[in-house]
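See structure below.
The values are calculated or read from the model by the stated rules, or taken from the named source; none is laboratory data. Note that the structure is a prediction, hence the values are computed from the model and not measured. Cβ coordinates were reconstructed from backbone atoms using ideal geometry, including for glycine residues, and neighbour counts include every protein chain displayed. Heads up: the accessible areas ignore ligands, DNA and RNA and are worked out on the full protein's heavy atoms, side chains in. Shrake-Rupley method; radii C 1.70, N 1.55, O 1.52, S 1.80 Å.
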Amino acid sequence: MITVHTIKELRQHVKAARLAGRDIGFVPTMGNLHAGHISLIDRSTADGCYTVSSIFVNPLQFNDKSDLSRYPRTLPEDQQKLEAANCDLLFAPNVEEMYPAGQDEQSIVHVPVVSEGLCGGSRPGHFDGVSTVVTKLFNQVLPDKAYFGEKDFQQVAVIRKMVNDLCMPIDIIPVPTARAADGLALSSRNGYLSEEERELAPGLHKTLLEIADALNRRENLEQIVLQAQERLNNRGFKTDYLEIRLADNLSQLTDNALQSGEYANSAVVILGAAFLGSARLIDNIQVTLNQAFE
Ligand code: PAF
């Protein structure tokens, strides 16, 4: 695997791969790689793509600057993992390479509606930072396909809408969430958990599964969420949000429509974000009513 730090070198390598007839698969990351990231690389190599990954801790998407400064930076270990997974090219730019005119003068890509509420509500400006950096990375790499983990369900929805709205000729490929044996979704932020918190952490996934069961029993929508929130807090979390949305466009459900069976066979996503100690964990599960997938 080759590592480059500049856009110029990145473009040279990608151009050579394209001239050799390869499709380009792209896996953007912020590093501190785990098995979830590697599953994205595996999808790209299985698709036969020349696989490019990026590692860039993007300051524009952190509304909390202390969260940015403590975000783990583990480039040598990440390089080894990417090499072992047969990634072809790693792009690891610094902040000056990505924002040469400074962050305050950067043009911003804003994706309306799907970026509002959920994590967009709790982290103002976060998705503008994500859609802006992903647009820049897409224009630098010019991939045919880009792979994103479904753990960040809202992020995938934002990127998909952005690519559609702005006519970017890129296939967005969502990849299922990788989980530890006890159900905890893999995340770089799991590293912030103490031993005791790590034992409690699967409680978020468990709560989402319980919401799916209650939905299938057609309990009252508002009560389902309130009771789940109480259970999650009793499990040691401080709930940020628990929400049930239609998976297609993240629109809200209503209890009337739920009770009258309007959502039967609709794909629904149950999303949660909660603090456990200083770590903010997110997770989601997709469910077709009367048929829980996870
Ligand atoms: O999901 C992430 O790691 C980041 O949000 C991304 C897509 C790499 C943009 O910085």
Looking at (1) more than 24 Å from I270 (Cα to Cα); (2) assigned to a loop (DSSP other than H, G, I, E, B); (3) not hydroxyl-bearing (S, T, Y), which one does G183 not meet, given that it meets all the others?
(1)
Report those strands (runs of 3 or more DSSP E) wholly inside segment 234-294 carrying at least 1 residues which are in contact (Cβ under 8 Å) with a residue 40 or more places away in the chain and under 15 Å from P202 (Cβ atoms).
267-276, 279-288
If the Cβ limit is 7 Å and pairs must be 6+ apart or interchain, which residue in segment 143-155 that is over 16 Å from I41 (Cβ atoms) pairs with which residue that is near the ligand (Cβ under 10 Å from one of its atoms)?
Q155/V130; Q155/F148
Which one of V113, V141, V95, V57 is within 19 Å of the chain's Cα centre (by Cα) and within 15 Å of the ligand (Cβ to nearest atom)?
V57
Please list, ordered by first then second residue, the pairs with beta carbon atoms under 8 Å, 6 or more apart or interchain, first in segment 117-136 and touching a residue at least 40 places away in the same chain (Cβ under 8 Å), second open to solvent by less than 30 Å² (accessible area, probe 1.4 Å) and among the acidic types (D, E).
none
Hits in segment 159-175 - residues which are farther than 22 Å from L33 by Cβ and part of a helix (DSSP H, G or I):
R160, K161, M162, V163, N164, D165
Complete set of residues in segment 210-233 that are open to solvent by 50 Å² or more (accessible area, probe 1.4 Å), part of a helix (DSSP H, G or I) and in contact (Cβ under 8 Å) with a residue 12 or more places away in the chain
D213, E222, Q227, Q229, R231
Could you count how many residues in segment 128-150 are farther than 23 Å from C49 by Cα and open to solvent by 10 Å² or more (accessible area, probe 1.4 Å)?
1
Quick check, is A185 away from the ligand (no atom under 12 Å from the Cβ), at pLDDT 95 or above and buried (at least 18 other Cβ atoms within 10 Å of the Cβ)?
yes
What about A178, is it crowded, with 17+ Cβ neighbours inside 10 Å, within 21 Å of A35 (Cβ to Cβ) and not β-branched (V, I, T)?
yes
